[in-house]
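Below is one structure; the comments refer to it alone.
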Ligand code: 15L
């Protein structure tokens, strides 16, 4: 079995992935908070994205990396700078220095959040970040392109919509991705023979999508879940009062106006998606 590093492993998305990938890979879990429920095929390493030395130790000897680590919502500039800009740079640099070629980078829909919901965009549309957080994800995608072009790394950036058991609201009917569909995209990122640097959207088979995910389909992605199964229930509970406000007409939702967003997982700066 290949050994794969999963950064930000203590977060919600990391926890889903651990479950979905169990048995397929030996996972090295890293985070700056402890994980004490490792499976037999998992090991844990405490690590600090803001330190290149720490990240070099963390990536040593793995076959590939899934980089979820970093700040996962809008935050103040210093938090974003440390965790997502310096942190992503340290991760890619550590991979280059330690000879790890393949990286799956957790980008976000917030790299594109200022597009209108009635526009359909694909992976070639110019970025329109909706926040400092979204901007840091554009940086991460470009970092992947640079390290692919200049150093021969192989990078799949997934612009994740919202990973969860079910879509949470009308906006998420467009961007939701189930844990098993997300794991399928991650596996494509780890295994596909022809990836140099690619961007795909992390969504399930969603009828109300505003993304053209043909690049993911071209790479073999065949989503198994659809948000439409939850649409009637979500629409029945939807309050249309805010439908004409910016957060409800632009793709990024509340990120387009927010200056900071409370992190549901941890109220203080964290290193998880
Ligand atoms: C994200 O990028 C966040 O990490 C996640 O917490 C959600 O806010 C998601 O986007 C979303 O747009 O729903």
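Each of 124, 257 was scored by other Cβ atoms within 10 Å of its Cβ. Listed from fewest to most, they are 124, 257. Structural size metrics of the chain, computed from C-alpha coordinates, are Rg and Dmax of 17.5, 54 Å. The order of the peptides 161-169, 59-67 by mean Cβ neighbours within 10 Å, most packed first, is 59-67, 161-169. In the chain, the longest principal axis of the Cα atoms and the axis of helix 132-151 are about 50 degrees apart.
Taking the longest Cα principal axis of the chain as reference, the axis of helix 87-98 is set at about 40 degrees.
Subtracting the Cα-Cα distance of residue 245 and residue 120 from their residue separation scaled by 0.36 nm leaves 43.0 nm.
DSSP beta bridges in the stretch 3-256, what fraction antiparallel, as a percent rounded to 5?
Among the beta bridges of the stretch 3-256, antiparallel pairing accounts for roughly 5 percent.
Over the chain, Cα pairs under 8 Å with separation of 6+ residues give a relative contact order of 22 percent. The packing ranking, built from the mean of other Cβ atoms within 10 Å per residue, places the peptides 94-100, 182-188 in the order 182-188, 94-100, highest first. The angle between the Cα long axis of helix 12-21 and the main principal axis of the chain comes to about 70°, on a 0 to 90 degree scale.
Read-outs: derived from the displayed coordinates by stated rules, not from any lab. From a predicted model like this one, the values you see are computed outputs, not experimental measurements. Don't worry about glycine lacking a Cβ; one is built from the backbone with ideal geometry, like all the others, and counts go over all protein chains shown.
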